[in-house]
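Novice: My structure is below; once you've seen it, I'll send some questions.
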Amino acid sequence: QVQLMESGGGLVQAGGSLRLSCAASGSIRSGNVMAWYRQGPGKQRELVAAITDTGIPNYANSVKGRFSISRDNVINTALLQMTSLQPEDTALYYCRYCLGYECTDWASGSWGQGTQVTVSS
């Protein structure tokens with residue numbers, strides 16, 4: 001089992017930046033993916049960005065060029081640097097850990113508790 005601890009959410013004005021951090025602990029296995037999802041008010045949860053343990057990133061079209069995901073495998077931490085934030089980025093952001101073969105099943109892997117990001121206009 002893997003536990004996830006998120007931090008870094010908050011309130012920011014439009015155009016501002018925030019950095020989210022997700023620390024994983026427990027039974028970390030090779031071939032894993034760490035990812036950020038978000039769920040805005042009245043919206044479905046959606047994938048924001050993901051990164052494999054070999055450093056290959058993937059982004060939702062809505063955040064390309066504004067968000068950057070990275071990770072440090074020594075301390076099992078994934079970071080999401082968010083810039084040029086807009087009110088539509090307001091959401092509860094969740095960290096997720098999954099193994100590559102199971103990542104398409106959202107019921108698999110581990111999820112964090114979520115950290116709130118609010119962008120004011």
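The values are calculated or read from the model by the stated rules, or taken from the named source; none is laboratory data. If you're wondering where the values come from, they're calculated on a predicted model, not measured in any experiment. Glycine gets a Cβ as well: all are built from the backbone with ideal geometry, and neighbour counts include every protein chain shown. We work out accessible area using only protein heavy atoms, side chains counted, and drop any ligands, DNA or RNA first. Shrake-Rupley method; radii C 1.70, N 1.55, O 1.52, S 1.80 Å.
Novice: Rounded, prolate or oblate: which fits segment 1-40, taking a ≥ b ≥ c as square roots of the Cα gyration tensor eigenvalues, rounded meaning a/c under 1.5, else prolate when a/b beats b/c?
Specialist: prolate
Novice: Ok, one more. Which residues in segment 3-40 have a backbone N closer than 17 Å to a point placed 7 Å from the Cα of THR54 along the Cα-to-Cβ line?
Specialist: It comes to 29-34, nothing else.
Novice: Given +1 on the Cβ of Lys and Arg, -1 on the Cβ of Asp and Glu, and no further charges, what dipole in debye does the chain carry about its Cα centre, rounded to the nearest 20?
Specialist: It comes to approximately 120 debye.
Novice: When all protein chains stay in place, what accessible area (Å², nearest 10, 1.4 Å probe) is found for LEU79?
Specialist: LEU79 exposes around 50 Å² with every protein chain in place.
Novice: Could you put ARG96, ARG19, ARG66 in order of accessible surface area, largest first, with the 1.4 Å probe and the full protein assembly present?
Specialist: Largest accessible area first, the residues go ARG19, ARG66, ARG96.
Novice: Find the relative contact order for segment 46-108 and round it to a whole percent, using C-alpha pairs within less than 8 Å whose residues are 6+ positions apart.
Specialist: Once normalised by length, the contact order is 20 percent.
Novice: Among GLN3, SER110, THR52, which residue has its Cα furthest toward the positive end of the charge dipole of the chain, with +1 on Lys/Arg Cβ and -1 on Asp/Glu Cβ?
Specialist: THR52
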